[in-house]
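Participant: One structure is given below, represented as structure tokens, and several questions about it will come after.
The values are calculated or read from the model by the stated rules, or taken from the named source; none is laboratory data. These numbers come from a predicted model, not from an experiment. Reconstructed Cβ throughout: ideal geometry from the backbone, glycine too, with neighbour counts over all protein chains shown. With ligands, DNA and RNA removed, areas are computed over all heavy atoms of the protein, side chains included. Shrake-Rupley method; radii C 1.70, N 1.55, O 1.52, S 1.80 Å.
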Amino acid sequence: MKIHQRLIIHFLNLSLFNQNSESISSYTKNDLEEMIKEAKAHKICGLIFNSLVNFLRRDDNLYTDIYKISVIESMSQIRHFEVVRYALKQLTEKGIKIILLKGSHLRTLYPKPEMRTMSDVDILVNPKD
């Protein structure tokens, strides 16, 4: 496993378990750049940002880059879920019973639910509805 992949795993663990940053084995700025590049590809910048922030200088372009992406991802997820919440409210007000499946339910387990990126919502609906 490459260093940038180990860094992603490290920062994901810190974020998911809401832990403070710990020391990690030596890494270079290039390792961080590669990690952020991979985080962008997997759309997990918002997820790792809080644990990563202590490892970046605030005047560094890497910090600015991941900060902007994280804010955009988080805002997008908050907006997305508000639209979903409205749709679910409309269904339940019409008496349609639903069950949320997979990611939409799992996001409630995250320290900050908006960190869990989603593009769709899986809903189980009774066939008669």
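Participant: Inspect all residues belonging to segment 77-89 and state whether any of them is touching a residue at least 40 places away in the same chain (Cβ under 8 Å) and part of a helix (DSSP H, G or I).
Facilitator: So far as segment 77-89 goes, yes, one or more of its residues are touching a residue at least 40 places away in the same chain (Cβ under 8 Å) and part of a helix (DSSP H, G or I).
Participant: Now, a different point. Scan segment 54-70 for residues that are out of contact with any Lys or Arg (no Cβ under 7 Å at 6 or more places or on another chain), in contact (Cβ under 8 Å) with a residue 24 or more places away in the chain and not in a loop (DSSP other than H, G, I, E, B) and jot them down.
Facilitator: N54, F55, L62, D65, I66, S70 - these are the residues of segment 54-70 that are out of contact with any Lys or Arg (no Cβ under 7 Å at 6 or more places or on another chain), in contact (Cβ under 8 Å) with a residue 24 or more places away in the chain and not in a loop (DSSP other than H, G, I, E, B).
Participant: Considering only residues that are at pLDDT below 65 and hydrophobic (A, V, I, L, M, F, W, C), look in segment 85-127 and name the one that is nearest to the chain's Cα centre (by Cα).
Facilitator: If we take residues in segment 85-127 being at pLDDT below 65 and hydrophobic (A, V, I, L, M, F, W, C), then M115 is nearest to the chain's Cα centre (by Cα).
Participant: Scan I8, I44 and give me the residue that is open to solvent by less than 40 Å² (accessible area, probe 1.4 Å) and either modelled with pLDDT of 85 or more or of a type in the set (G, A, S) (or both).
Facilitator: Unique residue meeting the criteria: I8.
Participant: Can you name the condition, by its number, that I99 falls short on among (1) part of a strand (DSSP E or B); (2) surrounded by 18 or more Cβ atoms within 10 Å (Cβ to Cβ)?
Facilitator: Unmet for I99, out of (1) part of a strand (DSSP E or B); (2) surrounded by 18 or more Cβ atoms within 10 Å (Cβ to Cβ): (2).
Participant: In addition: Output the number of residues of segment 47-72 satisfying the condition of being under 13 Å from the mean Cα position of the chain (by Cα) and at pLDDT below 80.
Facilitator: Of the residues in that region, 1 qualify.
Participant: So which of E82, E33 ends up being among the acidic types (D, E), open to solvent by 50 Å² or more (accessible area, probe 1.4 Å) and under 12 Å from L7 (Cβ atoms)?
Facilitator: E33
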